[in-house]
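To keep things clear, I will list the structure first and then write my remarks on it.
The values are calculated or read from the model by the stated rules, or taken from the named source; none is laboratory data. As the structure is a prediction and not an experimental result, all values here were calculated from the model. Here Cβ is always computed from backbone atoms with ideal geometry, including for glycine, and neighbour counts include all displayed protein chains.
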Amino acid sequence: MIVVGLTGGIGSGKSTVSGMFKDLGVPVYDSDSEAKRLMTTSAELKKAIIELLGKRAYDGKTLNRSFIANQIFENPETLQKLNKIVHPAVRTDFLEWTEIQEAPYVIQETALIFENEAQENYDYVILVTAPEDLRLQRVMERDEASKEEVLNRMRNQMSDDKKVALSNFCIDNINLEITKKRVAELHQRLVRQAD
C-alpha cells in the first residue's frame, strides 16, 4: 500500500483537497482532528500537556484551544515541545489506522511534514498551495482571526518555495474546478503506481 502525505500552509485548502480525495474513495487520516481526539482521550498525553502548559490547557475534559493557541503561537519553543509530545502519538495512531485500510493508497493530511523533517515517512508528498493573500483571507474568515494573528501563524511555517522543492506533486488551490481535475489526475496516477 502506498502512503501519501498531504500538506500545505495554513489556509492553502488542505482539508478541501483531502475531501476531494475522500469523495474518490481514498482513506484519509486527518492528523489535526485525530491529534485533538488523542489529546482528550489519552491520559498519558493529557498529563504531559498539563505538565507543559498548566491546568488551563483543559476546560474540564475538553481542550482549551484558544489558551493553547496563545501559548504556542507566541512561543516557538513551547510549540516544539508540544509537537514532541503529540506527534509521536499521532504517528503511532496513523500506523495502526493504516494497517486496517484496504485501498491502493492512503493519505495522511498533516500540516508540518517538512517542518518536522518527516517526508521520509511517505512514498509521496502532495503539497497544496495558494497565494498568500488568498490564504490570509481564508483563515481570517474561517477563524475570525486578525491579520496579525494569521501572519504570526504563517511565520511559524516553512515557505511554499522551500516546500515545492521537497514535494512530489503540487496542487495550486485557487479555482475549485481546476483543483478537482488535478486531484482526479493524481488519484489515477497513484492507483496505477500501487498496481
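Data for the structure
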read-out: Helices (runs of 4 or more DSSP H) enclosed by region 1-77 - at least 3 residues per element that are outside the structural domain of L136 (by TED's automatic domain parsing) and surrounded by 13 or more Cβ atoms within 10 Å (Cβ to Cβ); value: 31-41, 43-53, 65-73
read-out: Region 81-117, subset β-branched (V, I, T) and outside any strand (DSSP E or B), residue nearest to G11 (Cα to Cα); value: T110
read-out: Residues of region 12-41 that turn out to be touching a residue at least 60 places away in the same chain (Cβ under 8 Å) and within 30 Å of K55 (Cα to Cα), as a count; value: 5
read-out: Single residue of D195, D133, D160, D143 found to be in contact with a strand residue (DSSP E or B) (Cβ under 6 Å, 6 or more places away or on another chain), assigned by TED's automatic domain parsing to the domain that holds G8 and either surrounded by fewer than 16 Cβ atoms within 10 Å (Cβ to Cβ) or modelled with pLDDT under 95 (or both); value: D160
read-out: Selected residue (only one of D30, D23 is charged (D, E, K, R), under 15 Å from the mean Cα position of the chain (by Cα) and at pLDDT 95 or above); value: D30
read-out: Selection status of A111, surrounded by 13 or more Cβ atoms within 10 Å (Cβ to Cβ), small (G, A, S), at pLDDT below 95 and closer than 26 Å to S167 by Cβ; value: yes
